[in-house]
Amino acid sequence: MVLRFVVPNELAGLRLDRFVQHRMTRLSRTRAQKIVLASAVRLSGERRRPSDIVRAGEIVYLVRERFEEPLTPLHFDVVHQDTSVLVVDKPAGLPMHPTATYHKHTLSYLLRQRYEPLGEFVPRIAHRLDRETSGLVLCARTLSAERALKKAFERHHIDKSYLAIIRGALPETSGDIELPMAPVREGLHVLMEVREDGLRAFTHYEVLACADAHQLVALFPKSGRQHQLRVHLAALGCPIVGDKLYGPEREAAFLEYIETGLTPELLARLGHGRQALHAHTLSFTHPEHGERFRVVAQLPPDMVELWAGLCARGSTAIVRPSQLDGVAI
């Protein structure tokens, strides 16, 4: 994992540890020094020191070593299955596909383990879901179904909704967020940001309930940008509870998690062990019989418990009781 920071004119002349501390919010001087000693390198491979002076325009590289494959949930629930389609309820923490960090602890590997020994077509995942996000994943059980479903996603013919628990309050009880997005120019390479030169991104939201300076919201993405819901909510000052990348501390919380794990102190700051985001419904045209098909995955126990705790701590208001009929809270 490589982080890349360009030194602006106004930060030239700082010590390297001070520069890193400035670029990562809420980072202590001691922690910044440890990060520099552990990961700051030049392109030549030479290690850097906390006392190095940074110069305008230079690129500071922080390289984190690869670690052993972490433990993840190694199961999934089948919501629907027929000859063309498989819909699973993915648990939070299970990645979709292999990466530099995960190989066997992925949904795609678990699908192969389950279906390959039976001599059946191994279901192909038709879209993506973040590792920490729970909920519905649509898979194809034939090559023709895979082509049809992926084409439907590309043409935005598949409707999705999510449930999230957020900090703060959105400006209206329902509304649209239309903010273009692009990859960040510096920092952690997986991050996205709102930027005028980015690609169009559109999200509709509806507030379902409020409790203790938090809201339970339904989200309806009309485009499929990476981290779209998390970025859009954070841009409005209402990040998803537990988000280690787009919360108040930005990527500093994620880097701390990678180094120390989920300590009690970090958990207290995050408010939840993972981003409180759940893929709730999917509606699509069935690739075999052509009829519209809808599936639902109820809110998982960890988010039910989180919301119950917030309700117990402060005043609670139900904004849309009719829409809560299909939400187990």
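The values are calculated or read from the model by the stated rules, or taken from the named source; none is laboratory data. Every value quoted in this text rests on a predicted model; they were computed, and no experiment measured them. We place every Cβ from the backbone using ideal geometry, glycine too, and count neighbours over all the protein chains shown.
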Select from region 87-112 the residues that are under 11 Å from His75 (Cβ atoms) and free of Cβ contacts under 8 Å to residues at least 40 places away in the same chain and list them in ascending order. Leu94, Leu107, Leu110
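Looking only at region 24-66, filter to residues that are of a type in the set (D, E, K, R) and modelled with pLDDT under 85; which one of those is surrounded by the most Cβ atoms within 10 Å (Cβ to Cβ)? Reasoning before the result, please.
Pass one, region 24-66, residues of a type in the set (D, E, K, R): 26, 29, 31, 34, 42, 46-49, 52, 55, 58, 64-66.
Still in the list and also modelled with pLDDT under 85: 26, 64-66.
Values: Arg26: 13, Arg64: 15, Glu65: 7, Arg66: 8.
Here the answer is Arg64.
Output the residues belonging to region 97-110 that are in contact with a strand residue (DSSP E or B) (Cβ under 7 Å, 6 or more places away or on another chain) and over 14 Å from Leu71 (Cα atoms).
Taking region 97-110 first, the residues in contact with a strand residue (DSSP E or B) (Cβ under 7 Å, 6 or more places away or on another chain) are 107-108.
Ser108, the sole residue that qualifies.
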Residues that are at pLDDT below 95, of a type outside the set (D, E, K, R) and within 12 Å of the chain's Cα centre (by Cα), drawn from region 214-239: Gln226
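Within region 273-295, track down each residue that is outside any loop (DSSP other than H, G, I, E, B) and buried (at least 16 other Cβ atoms within 10 Å of the Cβ). Reasoning before the result, please.
Keep residues of region 273-295 that are outside any loop (DSSP other than H, G, I, E, B), which gives 277-285, 292-295.
Correct list: Leu277, His278, Ala279, His280, Thr281, Leu282, Phe284, Phe293, Val295.
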Selection from region 247-278 of residues that are within 29 Å of Ser161 (Cα to Cα) and of a type in the set (D, E, K, R): Glu249, Arg250, Glu251, Arg269, Arg274
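From the list Arg141, Arg195, exactly one residue is of a type outside the set (Asp, Glu) and free of Cβ contacts under 8 Å to residues at least 24 places away in the same chain. Which is it? Can you show your working first?
Working: Arg141 fails: free of Cβ contacts under 8 Å to residues at least 24 places away in the same chain.
Going through Arg141, Arg195 in turn, the sole match is Arg195.
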Looking only at region 95-108, decide whether some residue is under 24 Å from Ser223 (Cα atoms), assigned to a strand (DSSP E or B) and in contact with an Asp or Glu (Cβ under 9 Å, 6 or more places away or on another chain). no
